[in-house]
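This report refers to the structure that appears directly beneath it.
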Amino acid sequence: MANYKPFKKQTLAEQVADSIEESIISGAVQGGELLPTEPEMSEQFGVSRAVVRDATRMLSAKGLIEVRHGKGSFVTENQYAAFGDALLLALRRMDATNWDVAQFEQVVYPEILALAATSATEDDIAKIEEAAEEYLKYHAEVSEESLMETDSPTYVKIQNYWAKFVETLFSATHNKVITLLAHPLIQIHGIRNWEGLTGSITAMETQLVTTIINLVKSHDPANAHKEMRRLLALPAEAITALK
């Protein structure tokens, strides 16, 4: 006789949550869309408002919806932030070090750049160059001292420009998993830190960004992989400090 697995026992709230989740995943309900009110969903599903409330909490915990006080429940635009937060929390619980992150980047980023060099279209390259131009333009407009103040609006804004550049680079691979990983990888890397470096910060960032763009435009994955490994290489003392 076949060994069948028993059906999963679900509460009413789990069944309601699963139904709404499937609607979101299938695209029947779009990001940013307002869900029906508790009374409306209670009537639609034939359950109490308490059940709907529990289902809403489950969906919120998964990062699928956002509950706004006094306005209702909205489908989130994407789950990048929730994914990144969950990854950061897991790494903290594992006592991961900065070196764990840096070492992971040394393994992953060369592969991503090689794939971008293989797959990037002219439109992708144009978007990467546009994001790079915005990042470097803002870099040139602000004082280098303000970039050292990690709690300043300038510092936060420069990180947002950098994130946009990295996201366009990852998107150029045309791999959905890599594209999804862009935001969480930026988060676990943390804020870029120029402290202790000599020379112009803007000049160094310009050289880094320009090199990356040229590697993508070369459509030479082997060289892109090799050069990215070189760019990410760290001296022994830096590795020791990160550990």
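The values are calculated or read from the model by the stated rules, or taken from the named source; none is laboratory data. None of these values were measured; they are calculated from a predicted model. Positions of Cβ are generated from backbone atoms using ideal geometry, with glycine treated the same way; all protein chains shown enter the neighbour counts. With ligands, DNA and RNA removed, areas are computed over all heavy atoms of the protein, side chains included. Shrake-Rupley method; radii C 1.70, N 1.55, O 1.52, S 1.80 Å.
Things to note:
- Residue within segment 194-217 that is charged (D, E, K, R), modelled with pLDDT of 80 or more, open to solvent by 50 Å² or more (accessible area, probe 1.4 Å) and in a helix (DSSP H, G or I) present: yes
- A search for C-beta distances below 8 Å between a residue of segment 221-243 that is more than 11 Å from residue 114 (Cα to Cα) and at pLDDT below 90 and any residue that is open to solvent by 50 Å² or more (accessible area, probe 1.4 Å) and outside any helix (DSSP H, G or I), counting only pairs 6+ apart in sequence or on different chains, returns 242/234.
- Here residue 151 fulfils each of the conditions (1) more than 18 Å from the chain's Cα centre (by Cα); (2) modelled with pLDDT of 85 or more; (3) not aromatic (Phe, Trp, Tyr) apart from (2).
- Scanning segment 163-179 for residues that are more than 14 Å from residue 132 (Cβ to Cβ), out of contact with any Ser or Thr (no Cβ under 8 Å at 6 or more places or on another chain) and buried (at least 19 other Cβ atoms within 10 Å of the Cβ) yields a single hit, 178.
- If you check 55, 61, 17 for being open to solvent by 50 Å² or more (accessible area, probe 1.4 Å) and closer than 30 Å to residue 182 by Cα, only one passes: 61.
- Of the residues making up segment 49-70, those that are in a loop (DSSP other than H, G, I, E, B) and in contact (Cβ under 8 Å) with a residue 24 or more places away in the chain number 2.
- Total residues in segment 124-169, condition basic (Lys, Arg), under 25 Å from residue 105 (Cα atoms) and without any contact (Cβ under 8 Å) to a residue 24 or more places away in the chain: 1
- Within segment 231-243, tally of residues that are assigned to a helix (DSSP H, G or I), open to solvent by 70 Å² or more (accessible area, probe 1.4 Å) and touching a helix residue (DSSP H, G or I) at 6+ places or on another chain (Cβ under 9 Å): 2
- When residues of segment 104-123 are limited to those that are without any contact (Cβ under 8 Å) to a residue 60 or more places away in the chain and among the charged types (D, E, K, R), the one least open to solvent (accessible area, probe 1.4 Å): 123
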